[in-house]
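The values are calculated or read from the model by the stated rules, or taken from the named source; none is laboratory data. Computed from a predicted structure; not experimentally measured. Reconstructed Cβ throughout: ideal geometry from the backbone, glycine too, with neighbour counts over all protein chains shown. With ligands, DNA and RNA removed, areas are computed over all heavy atoms of the protein, side chains included. Shrake-Rupley method; radii C 1.70, N 1.55, O 1.52, S 1.80 Å.
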Amino acid sequence: MVGITEMTNWAVDLIDVRKIYGKTIHALRGVNIQVGRGEIFGLLGPNGAGKTTLVKIMMTVVRPTHALGTLLGRPLGHRGKLAGTGYLPEDHRFPGYLTGAQLLDYYAALGKVPRSRRKVNAAKLLDRVGMSEWATTRIDKYSKGMLQRLGIAQALMNDPELMVLDEPTDGLDPVGRRDVRELLLELKSAGKTVFLNSHLLSELEMVCDRVAILVDGLVARQGTLDELTEETVEYRIAFSGDARAIQEKVEALGASLGANVITVSGHDTGKVNAMIDLLRAADLSVESVQPHRFSLEDILVQVLADQSATPVARPVHP
Amino acid sequence: MQFWALIVDSFRESVDRKIFWVLVGLTLLITLVMLSVGFAGEEVTLFFGMWSTETDRFNPLSDIGRANLVGFVVYLLASTMMGWIGVTLMIIATAGAFPAFSERGALDVVLAKPINRARLFLYKYFATMVFVVLQGTLFFVLTFLVMWLRWGVWAPGYLLSIVFLVLLFSYLYCVSVLVAVKTQSAVAAILLTLFAWVLFALIHQAPSVFETFPDLKKRRTVYVAVRVASWIPPKTGDFPYLAARWSQAGTSIDALPYFDMDTATELERTQIERARQVEEQELAKNQFYSIGSSLLFEIVVVLLAMWTFARKDY
Ligand SMILES: Nc1ncnc2c1ncn2[C@@H]1O[C@H](COP(=O)(O)OP(=O)(O)OP(=O)(O)O)[C@@H](O)[C@H]1O
Ligand SMILES: [Mg+2]
């Protein structure tokens, strides 16, 4: 049993979350994820990895097969704590007969936000997401991006402590995406916690403090961006001239030779110098030496490659 | 606050449907037709007074005349227009409410609110009836006003028909919702509900077969089984009876004084006898049994639907 003080350290603390749809679809197979308060946390993974399922379990939309842990310090599934969360589901469908302003009011009333605050927040948020002019237009006249903006406004109506966003930039144009990034950073500076799913890895890199990579229902990697990219750094030495003469020596030292570039993986500056020596000895001129950090995309691709190289045994029954 | 939010939402959903306005139009048309007919003493005028005739059967000043007038409105207009056509249209109009509400993507946000699923379900269930409450109120208040202000017939009990109409609708709506949460399909909900309606009526009528063929009563187990089975389904056929009873509408027995038993022909005598039988059957009905057993059925079906709703993944 975890102590009370320990419980409250995390905004989200998921322990051994499992979900089997029907009897055979193992969507989540024991997920452990911790999100600190005031942090922007990104969850990434390929299609069907179970990201949406995990978020739905947090928001009590889907009933887990097994789950421990806490959300805002209360056991997962605690109804009262949902008053402190905002949620933007993936592929949401809002009732078309409502106007934008009516929708915000309706959802916030269900979230027990007092009427006076609903009025103020609706006006403020519609303005914040650039939808003020559309406030009194029926939702069935909205474009996809406008729906998404409204969805984000809706999630903020109760001034939530924790925001859970499933693909928040889905359907948004580049300006809209930048707006969302700014909004997330704003929320962070106001001390709020953000948990988001996204396919757009470059976006996660720009705003997330920490990320987890979910593959096939399991967390493959988790940590700060620095932690994840630490071991995956490489140096690229560009040169001019014909290096075929030294190819064997380069490869013998564990580096790889491409067209006018030698790649040294890892934090090995000794090896980098050895390469430069080799190039200089062969009378080739070194043009540049650049450390190169892997992007999240590289890491994801690498994780996926590792997974397919060593396939995880899929239990048919738990 | 949460219940109110769902009611407001259901109201907006209702007025967004065409059928809602079709029903409003129907009610206005009926009101207009009623307005065009006038009863003053023994004089009856049609088409806003363009044509007139005399009869003592619809004299609003006599007890029998007013009972006949109210009976005409209850049996012919209210139970046919609202009880049959109206309820059918309302079933069609409301069948989509639950499938749309619990669609994947639509329900997600709502489920993530601080409200438990059972309560959410019940709130939504009752909120959807806003549609019927509005239609029923409009129809019965307007027709009540015409009777009162144009015909001079004061029948406040007639307004209770609003409650009976909502009850009748709810007996059928629970079936619609159960089908909807099981199948997510409005069409399935409509078809199965209309089918259930016919089935309820048939089961309800089944015991009368034994009255027609008394020999069948000798098969004791079958007879008892049929009688017991006829208690279970909601008493959807009782709407005109309940409405008439509370509006003090004319019933068959009221017509008796029109016949002079001594000079009545053979045909008239059999008519009177039939009227008396029907009347006795009606009076033998117990409204508490009718409403109570129907509500019991509704509660069971609603609990079943609620359970299904609460245990699903969305
Ligand atoms: N309601 C459901 N019933 C049955 N299986 C489901 C259901 N929802 C999801 N799944 C299955 O669970 C697995 C995980 O789905 P999930 O939607 O969580 O993935 P995801 O990571 O969000 O994918 P994407 O990136 O495409 O949004 C998939 O194999 C999917 O088929
Ligand atoms: Mg998803």
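Okay, here's what the table says:
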{"read-out": "Test set (1) over 22 Å from B:Ile115 (Cβ atoms); (2) within 16 Å of ligand 2 (Cβ to nearest atom); (3) buried (at least 22 other Cβ atoms within 10 Å of the Cβ); (4) not assigned by TED's automatic domain parsing to the domain that holds A:Arg210 - A:Asp91 fails condition number", "value": "(3)"}
{"read-out": "Subset of the stretch A:100-145 that is among the polar types (S, T, N, Q) and outside any loop (DSSP other than H, G, I, E, B) - its residue that is farthest from A:Glu186 (Cα to Cα)", "value": "A:Gln102"}
{"read-out": "Only one of A:Ile33, A:Ile57, A:Ile40 that is in contact with a Ser or Thr (Cβ under 9 Å, 6 or more places away or on another chain) and in contact (Cβ under 8 Å) with a residue 24 or more places away in the chain", "value": "A:Ile40"}
{"read-out": "The one condition in (1) closer than 24 Å to B:Gly237 by Cα; (2) surrounded by 19 or more Cβ atoms within 10 Å (Cβ to Cβ) that B:Trp151 fails to fulfil", "value": "(1)"}
{"read-out": "Pairs where the first residue, in the stretch A:88-106, is more than 8 Å from chain B (Cβ to nearest Cβ) and the second is aromatic (Phe, Trp, Tyr) and assigned to a helix (DSSP H, G or I), C-beta under 8 Å, 6+ apart", "value": "A:Gly100/A:Trp134"}
{"read-out": "Answer residue from the stretch A:52-64, given it is within 12 Å of ligand 2 (Cβ to nearest atom) and open to solvent by 10 Å² or more (accessible area, probe 1.4 Å) and is nearest to the other protein chains (Cβ to nearest Cβ) among those", "value": "A:Lys56"}
{"read-out": "Flag if A:Tyr97 is assigned to a loop (DSSP other than H, G, I, E, B) and either within 16 Å of ligand 1 (Cβ to nearest atom) or open to solvent by 20 Å² or more (accessible area, probe 1.4 Å) (or both)", "value": "yes"}
{"read-out": "Residue in the stretch A:203-225 that is touching a Phe, Trp or Tyr at 6+ places or on another chain (Cβ under 9 Å), more than 16 Å from ligand 2 (Cβ to nearest atom) and polar (S, T, N, Q) present", "value": "no"}
{"read-out": "Filter result (within 9 Å of ligand 1 (Cβ to nearest atom) and not β-branched (Val, Ile, Thr)) within the stretch A:45-77", "value": "A:Gly45, A:Pro46, A:Asn47, A:Gly48, A:Ala49, A:Gly50, A:Lys51, A:Leu54, A:Lys56"}
{"read-out": "So A:Asn32, is it more than 14 Å from chain B (Cβ to nearest Cβ), of a type outside the set (D, E, K, R), out of contact with any Lys or Arg (no Cβ under 9 Å at 6 or more places or on another chain) and more than 16 Å from ligand 2 (Cβ to nearest atom)", "value": "yes"}
{"read-out": "Where a residue in the stretch B:44-69 is within 17 Å of B:Met34 (Cβ to Cβ) and at pLDDT 75 or above and its partner, wherever it lies, is among the aromatic types (Phe, Trp, Tyr) and exposed (fewer than 15 other Cβ atoms within 10 Å of the Cβ), with Cβ under 6 Å and at least six apart", "value": "none"}
{"read-out": "Residue count for the stretch A:258-305, restricted to those that are open to solvent by 40 Å² or more (accessible area, probe 1.4 Å), without any contact (Cβ under 8 Å) to a residue 60 or more places away in the chain and within 29 Å of A:Gln222 (Cβ to Cβ)", "value": "9"}
{"read-out": "Set B:Phe164, B:Phe169, B:Phe139, B:Phe131: member being in contact (Cβ under 8 Å) with a residue 24 or more places away in the chain, within 14 Å of chain A (Cβ to nearest Cβ) and in a helix (DSSP H, G or I)", "value": "B:Phe131"}
{"read-out": "Answer residue from the stretch A:22-41, given it is within 13 Å of ligand 1 (Cβ to nearest atom) and not basic (Lys, Arg) and is surrounded by the most Cβ atoms within 10 Å (Cβ to Cβ) among those", "value": "A:Leu28"}
{"read-out": "Unique residue being polar (S, T, N, Q) and more than 15 Å from ligand 1 (Cβ to nearest atom) when the list is A:Asn197, A:Asn158", "value": "A:Asn158"}
{"read-out": "Subset of the stretch B:73-111 that is under 16 Å from the mean Cα position of the chain (by Cα) and free of Cβ contacts under 8 Å to residues at least 40 places away in the same chain - its residue that is farthest from the other protein chains (Cβ to nearest Cβ)", "value": "B:Leu76"}
